[in-house]
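Each remark here refers to the structure printed beneath this line.
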Amino acid sequence: MKALSAALDPAPSSPVGTAPAEPTGSLAPSEASKGNTSDPVATSTGTPTNDTHTEPAADGTNEPKDGPAPTSTRDDSEGKTAVASETAEDATATATATKSKTEPTSATKSKTEPTSATKSKTEPTSATKSEPKAAAPAKVGGERGLFAGVSAMVSFITTRSRKLDEKLVRFDPNTDETADPLSAISVFCLFVTIAFSVWMFLRWKYQPMQDLGHHVALSAVVADYGKPESLYTRLYEPIDPLAANSLLYQLAGNLGRLVGVTRAVRLFMVLYLAGVPLANAYALRVFGRNVWGAVVAVPLTYNMVFVAGFANMLFAAPLMVMAIPLLHLAIKLRSWRRALVAALTILLLFMGHAHLFMWTGFMLFLLTFGHVVYGFTQGPGFKKRIVHAAKSAGIAFLCVVPTLLFFARWYSRTFGEGRTQGNVMNSTSGIENHFGAVFRGPHELFATLVDTFELTIGDRDVQGVLLLGLLAGVMFAISRLSRLRQPPVLELVFVITMMSYFVLPDGLSGHDVLAQRQPSIAFWFVPALFTPVAMRVSRLLRFVSVVGIGAVTVFMLSSWYDNLVLFQKNEVAGLEQVMSKAPPRQRLHYVKLDPGSRYFSWRPFWHIEKIYMGDKLGQTADTPGILSTSSIRYRTGVDIHRIGNHSPDWPNDAEIWKNFELVLVRSWRPSTEQRVAAERHGVLLQRSGAWELWKSNEATPP
């Protein structure tokens, strides 16, 4: 771009007070005063010569008089003087005028009559007068002005970008001087992509997230617990604030007292959508990778874990991504401040989600092992190597040991003697029963693996994953042109996590869907595979890589957006209008006639009724309080009334009308007898779209 600007911009004018540059071949006055003429003899001998002199003609021109010009008296310069004489006789008016600048003539001194050379510059010739070409210079000038304007604009953008790059250096955790520098354009594109993703989530209240209602329900318990009018104090035990899977409920519950529980949970889901790409950007820079890879992380936040609605896991995901580079820096830099930050991150990760904590713990163990092995290669002496390796292991241990104390307590409560305390209906198993692990065969594993990538109904998700794999292969081949000095930690985390899908059990007693989560976890680290080559290596290949990243990102986000619009328009429509008629703090039963979707996999409406707990602080029966792994459990002796009747004949189930004030149903196409039975036991409060809300006439007080 600089070359383009230099070619298009005119030569800069002389500053004020500075003499203009002399024409080529002329002699500056200062040089003439030193006797530094252009005469070849003077140049060769270093002594002044008698220059040929021409007197002005009678007509005022500077034409030479008849006769030979005077020559030098020096014997050794006769040949050269003859050449100079012939040159002077054949010189043009312009050359003679140039000579006159050094030795002014009488005509120049009097300044009464201009020379012929001057006239030739000021008066156009007859040819010029007869063929005016005023339009051509104007056209050239217009084109030159246009190109100059474009060049100036590009130069301005480039300058501003470089200034932003210099400011971003202060926030760059990279310590590798050979790594690709942090660029403002990549950061800008990352934030724009995140903004669009967050907008999609905030635009619509009801998202295709199956179990999200579970976590809204327990957050509502925290928000309303202990109040005189609360339904939850009688039903649930207080939350265990030090247990795993409790952090989201505590934060969203307390924030929900100010902004509403459902809104608070959704805000923490926004932290997931924005936090995973930003955490990836930080991790990529720590390990000397380019931020462009973090752009791919934005569409990959929409994965199987998201459509399953595992909100605790989603909330803890950014902490998992951050824990690895933080511990790496603490060990590498021997920084106790960084070790403290890493220890706090690991503790919060445990309180966020137990599964992610345990898998991250395994990754951190491998990372520490790598540092210890590397320590044995440092230093000239064996003792120094032992000390270096011991320091690495010691820092890692101190970062993890506080959380291990909390983990031991939680393990006893979840898998030990405390796993059946409270009104637990879905208990875990202990180590003596191998935790009730269930494994699948190879054929079933491969079939299920494809299912983990199918988020929407159709082939676009699989196509997106294939495009992602193709781009990763191309960029891996391109990356061989340059060598990264930082170790491939993030790449190894991705590979190991993906392969663990074939090793880990499919589920445990009281905790299903275990191995199926691993591909989604692996995709949180896949941005490390999308590092473009540096500009200094190949501008073309870098351009190809960046365009590929953008194309795959747009394809995957557009697929999600298109299905989300149809989901809201054709399936969610009417739900908010129906639920707005529900009175607060009552008991609601949901008849799950049609919890699935024509646009998204899993079952987006399976726990949709629990949004009522977040909005109106009411109660629905089927909450995670029945699980041993839950940080909030039902109280012992409470009759939960989990009703499994999800048939069109639900109006004839007396237990529903007796134990619930409200009944929500979707896509109910009753017979005449069923409609009459519903009207006999209750009243239709609202119908909108496929949704209906009924109020019981026979409900007894809780």
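In the range 378-399, how many are hydrophobic (A, V, I, L, M, F, W, C), in contact with a helix residue (DSSP H, G or I) (Cβ under 6 Å, 6 or more places away or on another chain) and either more than 21 Å from Ile331 (Cβ to Cβ) or touching a residue at least 40 places away in the same chain (Cβ under 8 Å) (or both)? Spell out how you get there, then give the answer.
Keep residues of the range 378-399 that are hydrophobic (A, V, I, L, M, F, W, C), which gives 382, 386-387, 389-390, 393, 395-399.
Right, trim to in contact with a helix residue (DSSP H, G or I) (Cβ under 6 Å, 6 or more places away or on another chain) and you get 389, 393, 395-396, 399.
With the extra rule that they be either more than 21 Å from Ile331 (Cβ to Cβ) or touching a residue at least 40 places away in the same chain (Cβ under 8 Å) (or both), the set shrinks to 395-396, 399.
Adding up the residues that qualify gives 3.
For the range 176-218, give me each residue that is under 30 Å from Pro241 (Cα atoms) and open to solvent by 60 Å² or more (accessible area, probe 1.4 Å).
Step one: filter the range 176-218 for residues under 30 Å from Pro241 (Cα atoms), giving 198, 201-202, 205-218.
Matches in the range 176-218: Leu202, Lys205.
Tell me, which residue of the range 671-691 that is aliphatic (A, V, I, L, M) and in contact (Cβ under 8 Å) with a residue 12 or more places away in the chain is nearest to Gly618 (Cα to Cα)? If you could, list the steps in order and put the result at the bottom.
Filtering the range 671-691 down to residues aliphatic (A, V, I, L, M) leaves 676-678, 683-685, 690.
Checking which are in contact (Cβ under 8 Å) with a residue 12 or more places away in the chain leaves us with 677-678, 683, 685, 690.
Details: Ala677: 25, Ala678: 22, Val683: 19, Leu685: 17, Ala690: 22 Å.
This residue is Leu685.
Name the residue, out of Trp694, Trp668, Trp657, that is on the phi < 0 side of the Ramachandran plot, in a helix (DSSP H, G or I) and in contact (Cβ under 8 Å) with a residue 12 or more places away in the chain. Please lay out each step first, then the result.
On the way: Trp694 fails: in a helix (DSSP H, G or I); Trp668 fails: in a helix (DSSP H, G or I).
On inspection, the qualifying residue turns out to be Trp657.
Among the numbered conditions (1) open to solvent by 60 Å² or more (accessible area, probe 1.4 Å); (2) modelled with pLDDT of 95 or more; (3) over 30 Å from Gly644 (Cα atoms), tell me where Glu576 comes up short.
With respect to (1) open to solvent by 60 Å² or more (accessible area, probe 1.4 Å); (2) modelled with pLDDT of 95 or more; (3) over 30 Å from Gly644 (Cα atoms), Glu576 is out only on (3).
Going through Thr403, Thr414, Thr428 one at a time, which residue ends up being modelled with pLDDT of 90 or more, in contact with a Phe, Trp or Tyr (Cβ under 6 Å, 6 or more places away or on another chain), in a helix (DSSP H, G or I) and within 28 Å of Thr345 (Cα to Cα)?
On the way: Thr414 fails: in contact with a Phe, Trp or Tyr (Cβ under 6 Å, 6 or more places away or on another chain); Thr428 fails: in a helix (DSSP H, G or I).
From the options Thr403, Thr414, Thr428, the qualifying one is Thr403.
State the number of residues belonging to the range 671-691 that are closer than 20 Å to Ser647 by Cβ and either acidic (Asp, Glu) or assigned to a loop (DSSP other than H, G, I, E, B) (or both).
Qualifying residue count for the region: 4.
Give the residues of the range 599-649 that are in a helix (DSSP H, G or I), touching a strand residue (DSSP E or B) at 6+ places or on another chain (Cβ under 6 Å) and surrounded by fewer than 22 Cβ atoms within 10 Å (Cβ to Cβ), sorted by residue number.
Within the range 599-649, just Ile626 meets the criteria.
Among Ser696, Ser630, Ser671, which is among the hydroxyl-bearing types (Ser, Thr, Tyr) and under 48 Å from the mean Cα position of the chain (by Cα)?
Values: Ser696 fails: under 48 Å from the mean Cα position of the chain (by Cα); Ser671 fails: under 48 Å from the mean Cα position of the chain (by Cα).
Step by step, each of Ser696, Ser630, Ser671 is checked, and only Ser630 is among the hydroxyl-bearing types (Ser, Thr, Tyr) and under 48 Å from the mean Cα position of the chain (by Cα).
Answer with yes or no whether Lys205 is assigned to a loop (DSSP other than H, G, I, E, B), in contact (Cβ under 8 Å) with a residue 60 or more places away in the chain and basic (Lys, Arg).
Working: assigned to a loop (DSSP other than H, G, I, E, B): yes; in contact (Cβ under 8 Å) with a residue 60 or more places away in the chain: yes; basic (Lys, Arg): yes.
So Lys205 fits the description; yes.
Could you count how many residues in the range 648-675 are aliphatic (A, V, I, L, M) and farther than 24 Å from Gln577 by Cα? Please lay out each step first, then the result.
Filtering the range 648-675 for residues aliphatic (A, V, I, L, M) gives 654, 656, 662-665.
This time we only want the ones that are farther than 24 Å from Gln577 by Cα, so: 654.
So the count comes out to 1.
Quick one: which of Val276, Val291 is over 20 Å from Met351 (Cβ atoms), touching a helix residue (DSSP H, G or I) at 6+ places or on another chain (Cβ under 9 Å) and of a type outside the set (Ser, Thr, Tyr)?
On the way: Val276 fails: over 20 Å from Met351 (Cβ atoms).
The unique qualifying residue is Val291.
With the condition being of a type in the set (Phe, Trp, Tyr) and open to solvent by 10 Å² or more (accessible area, probe 1.4 Å), I'd like the helices (runs of 4 or more DSSP H) fully within the range 249-329 carrying at least 2 qualifying residues. Don't jump to the end; show me each part of the working.
Details: elements: 261-286, 292-300, 304-308.
Qualifying helices (runs of 4 or more DSSP H): 261-286.
Which members of the range 336-345 meet the condition of being touching a helix residue (DSSP H, G or I) at 6+ places or on another chain (Cβ under 7 Å) and surrounded by fewer than 24 Cβ atoms within 10 Å (Cβ to Cβ)? Break it down stepwise before answering.
Residues of the range 336-345 that are touching a helix residue (DSSP H, G or I) at 6+ places or on another chain (Cβ under 7 Å), as a first pass: 338-339, 341-343, 345.
Of everything in the range 336-345, those that are touching a helix residue (DSSP H, G or I) at 6+ places or on another chain (Cβ under 7 Å) and surrounded by fewer than 24 Cβ atoms within 10 Å (Cβ to Cβ) turn out to be Arg338, Ala339, Val341, Ala343, Thr345.
If I filter the range 233-248 down to residues being of a type in the set (A, V, I, L, M) and farther than 26 Å from Leu329 by Cβ, which single residue comes out as most open to solvent (accessible area, probe 1.4 Å)? I'd like the intermediate steps shown before the answer.
Step one: list which residues in the range 233-248 are of a type in the set (A, V, I, L, M), which gives 235, 239, 242-244, 247-248.
Those still in the list that are farther than 26 Å from Leu329 by Cβ too: 235, 239, 242-243, 248.
Working: Leu235: 14, Ile239: 41, Leu242: 72, Ala243: 1, Leu248: 0 Å².
By that ranking, first place goes to Leu242.
So how many residues does the range 307-342 have that are aromatic (Phe, Trp, Tyr) and closer than 17 Å to Leu248 by Cβ?
Within the range 307-342, the subset aromatic (Phe, Trp, Tyr) is 310, 315, 336.
Next, from what is left, pick out any that are closer than 17 Å to Leu248 by Cβ: 310, 315.
Residues that pass the stated criteria total 2.
I'd like the residue in the range 565-582 that is closer than 17 Å to Gly618 by Cβ and assigned to a helix (DSSP H, G or I) and, out of all such residues, is farthest from the chain's Cα centre (by Cα).
Keep residues of the range 565-582 that are closer than 17 Å to Gly618 by Cβ, which gives 575-576, 578-582.
Keeping just the survivors that are assigned to a helix (DSSP H, G or I) gives 575-576, 578-579.
Numbers: Leu575: 33, Glu576: 33, Val578: 38, Met579: 36 Å.
My answer is Val578.
Looking at Val676, Val665, which one is aliphatic (A, V, I, L, M) and under 30 Å from Lys569 (Cβ atoms)?
On the way: Val676 fails: under 30 Å from Lys569 (Cβ atoms).
Being aliphatic (A, V, I, L, M) and under 30 Å from Lys569 (Cβ atoms) holds for just one of Val676, Val665, which is Val665.
Please state which of the following conditions Gln586 fails to meet, knowing it meets all the rest: (1) in contact with a Ser or Thr (Cβ under 8 Å, 6 or more places away or on another chain); (2) open to solvent by 20 Å² or more (accessible area, probe 1.4 Å).
(1)
Please find, within the range 473-492, the residue that is modelled with the highest pLDDT out of those that are hydrophobic (A, V, I, L, M, F, W, C) and over 17 Å from Leu284 (Cα atoms). If you could, list the steps in order and put the result at the bottom.
Residues of the range 473-492 that are hydrophobic (A, V, I, L, M, F, W, C), as a first pass: 474-478, 481, 484, 489-490, 492.
With the extra rule that they be over 17 Å from Leu284 (Cα atoms), the set shrinks to 474, 477-478, 481.
On the way: Val474: 90, Ala477: 85, Ile478: 83, Leu481: 73.
Ranking the qualifying residues of the range 473-492, first place goes to Val474.
With the checklist (1) farther than 21 Å from Leu566 by Cα; (2) within 38 Å of the chain's Cα centre (by Cα); (3) surrounded by fewer than 21 Cβ atoms within 10 Å (Cβ to Cβ) in hand, flag the one item Pro595 doesn't pass.
If we test Pro595 against (1) farther than 21 Å from Leu566 by Cα; (2) within 38 Å of the chain's Cα centre (by Cα); (3) surrounded by fewer than 21 Cβ atoms within 10 Å (Cβ to Cβ), just (1) comes out false.
Only one of these is under 20 Å from Thr629 (Cβ atoms), surrounded by fewer than 21 Cβ atoms within 10 Å (Cβ to Cβ) and not hydrophobic (A, V, I, L, M, F, W, C): Gly370, Gly375, Gly361. Name it.
Numbers: Gly370 fails: under 20 Å from Thr629 (Cβ atoms); Gly375 fails: under 20 Å from Thr629 (Cβ atoms).
It is Gly361.
The values are calculated or read from the model by the stated rules, or taken from the named source; none is laboratory data. Everything numeric in this text was worked out from a predicted model, so none of it was measured. Every residue, glycine among them, receives a Cβ derived from its backbone with ideal geometry; neighbour counts consider all protein chains shown. The protein model used for the area step is the full one, side chains on, heavy atoms only, and it has no ligands, DNA or RNA in it. Shrake-Rupley method; radii C 1.70, N 1.55, O 1.52, S 1.80 Å.
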